[in-house]
Amino acid sequence: MDQHPATRVVHHHTPTLPNSHPISVPLYQASNFGFDDPDALADALTGPDRGFAYSRYGNPTTRALEETVAALEGGTAAVATASGMGAISSALLGVLKTGDHVIAQSCLYGGTYAALSYLHDNFGVQVSYIPGEDPAEVAAAVRPTTKMLYLETITNPVTRVADQPAFLKAGKEAGLITVVDNTFATPLLCQPIRHGADVVLHSITKYLGGHSDVTAGILVFADDARYRHGWHHTMEMGAMIDPFAAWLTLRGIQTLALRMRQHCANASRIAELLAAHPAVTKVHYPGLPTHPDHDVAKRVLSDFGGMVSFDLAGGRDAGYTFTKGLRLVKLAASLGGVESMVLHPASTSHRQLDADALAAAGITEGTIRLSVGIEQAEDIWADVEQALP
């Protein structure tokens, strides 16, 4: 039965018992599984679908999470990791080798930028950054050694939205492996595999978990061969998720549709109010008609997300004053929880970028990233307004 994603997030695959089945997925808080047959144990260690022997290789609770997210993204299978950076690193290290070349958007999560810089400095992986405004940028950047195209559905932090179907098509035509970080959008707003992505990843820590109580990531693969390669690499590198984190995420995902509906509605309202405030010089939110990618976002996304960034006229000093003056909204490093959170990207999440890279990413000294929570919109705005310089 073809069900709406809002229905699918509620119902997970659970074990079948002799005369019943549990409504929620049980937590298998086990690192090891015992066997009566030595051959069965040996066989269970040979692949991701050969049974459960050791939780670094696979765990029933983890598998339920992987199947749930893979189904939401329209993928073949998934591999859950110990953090969002675990997913990003596995996506990069599982494919790239010395001398390879990557094409990536110039506006990316700071951790991704740091990982690419590390690969460049220590392993000779070359990186070209593109604005993500015209699919022709891909063909112009391709080299004989180009291996990967790396995109974000909604970029962190200034919420740019590339024409995903066109960029992924350009990547495919160039013979590239296409990877999309779908964290800000979630599978409810966009499914990149349906647009042609080979690999989709999430920081589960954000919206999928949704309650600021879990650190995890996940990779979803479009085809079985790439999944098996990704599983083997991630397992051997030891980046697999803990079963309890997987269980917490499964519980969080069940309310994802409700939460995203409120995140998006609140963000839209806050963005409109920020755009009218004299202390704000620019608002980055794809739901605003003034956003450079508004028309693209209407085609690529089913809603505009819960992230709003804005630039303050007073630069870094104004950003410091604003974040210090908040009372309800939390100053925090992460995002995507039920509570509203802010940070100053230039000094925190994107501190790895030099001045030129910050400018290319559209980040100023006065840029503030606001992860709009599910509180009453009027209460969020009252706190934001009183803190604005």
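Pairing each residue of the stretch 334-346 that is under 13 Å from residue 374 (Cβ atoms) with any residue that is in a helix (DSSP H, G or I), provided the two are 6+ apart or on different chains, yields C-beta distances under 7 Å for 338/259; 340/380. The number of residues in the stretch 299-321 being crowded, with 18+ Cβ neighbours inside 10 Å, at pLDDT 95 or above and part of a helix (DSSP H, G or I) comes to 1. Taken over the stretch 265-282, the criterion of being touching an Asp or Glu at 6+ places or on another chain (Cβ under 8 Å) and either outside any loop (DSSP other than H, G, I, E, B) or buried (at least 19 other Cβ atoms within 10 Å of the Cβ) (or both) is satisfied by 266, 273, 280, 281, 282.
Looking only at the stretch 1-37, count every residue that is outside any loop (DSSP other than H, G, I, E, B) and of a type in the set (S, T, N, Q) and tell me the total. It would help to see each step written out before you state the result.
Within the stretch 1-37, the subset outside any loop (DSSP other than H, G, I, E, B) is 5-8, 32.
So of that shortlist, the ones also of a type in the set (S, T, N, Q) come out as 7, 32.
Summing the residues that are outside any loop (DSSP other than H, G, I, E, B) and of a type in the set (S, T, N, Q) in the stretch 1-37 gives 2.
In the stretch 12-32, is there at least one residue being in the same structural domain as residue 191 (by TED's automatic domain parsing), closer than 23 Å to residue 179 by Cβ and in contact with a helix residue (DSSP H, G or I) (Cβ under 6 Å, 6 or more places away or on another chain)? No: zero hits. Within the stretch 93-109, being touching a helix residue (DSSP H, G or I) at 6+ places or on another chain (Cβ under 6 Å), more than 21 Å from residue 354 (Cβ to Cβ) and buried (at least 19 other Cβ atoms within 10 Å of the Cβ) holds for one residue alone: 94.
For the stretch 350-369, the candidate set comprises residues that are in contact (Cβ under 8 Å) with a residue 60 or more places away in the chain and more than 15 Å from residue 308 (Cα to Cα); within that set, the residue that is surrounded by the fewest Cβ atoms within 10 Å (Cβ to Cβ) is 351. Considering each residue of the stretch 176-184 in turn, at least one proves to be touching a Gly at 6+ places or on another chain (Cβ under 6 Å) and not aliphatic (A, V, I, L, M). Of 115, 80, 40, 70, all but one fail to be in contact with a strand residue (DSSP E or B) (Cβ under 8 Å, 6 or more places away or on another chain) and assigned to a helix (DSSP H, G or I); the exception is 70. Could you go through the stretch 309-316 and let me know if any residue there is out of contact with any Ser or Thr (no Cβ under 9 Å at 6 or more places or on another chain) and not acidic (Asp, Glu). No - not one qualifying residue is present in the stretch 309-316. The set of residues in the stretch 83-97 that are assigned to a helix (DSSP H, G or I) and not hydroxyl-bearing (Ser, Thr, Tyr) comprises 84, 85, 86, 87, 88, 91, 92, 93. Consider the stretch 118-153 and keep the residues that are in a strand (DSSP E or B) and aromatic (Phe, Trp, Tyr). The one that is farthest from the chain's Cα centre (by Cα) is 129.
Matching residues to (1) touching a Phe, Trp or Tyr at 6+ places or on another chain (Cβ under 8 Å); (2) touching a residue at least 24 places away in the same chain (Cβ under 8 Å); (3) crowded, with 21+ Cβ neighbours inside 10 Å; (4) within 30 Å of residue 152 (Cα to Cα):
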site	(1), (2), (3), (4)
20	no, no, no, no
29	yes, yes, no, no
41	yes, no, no, no
83	no, yes, no, yes
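The values are calculated or read from the model by the stated rules, or taken from the named source; none is laboratory data. Computed from a prediction, not measured in an experiment: that's the story for all the values here. Every residue, glycine among them, receives a Cβ derived from its backbone with ideal geometry; neighbour counts consider all protein chains shown.
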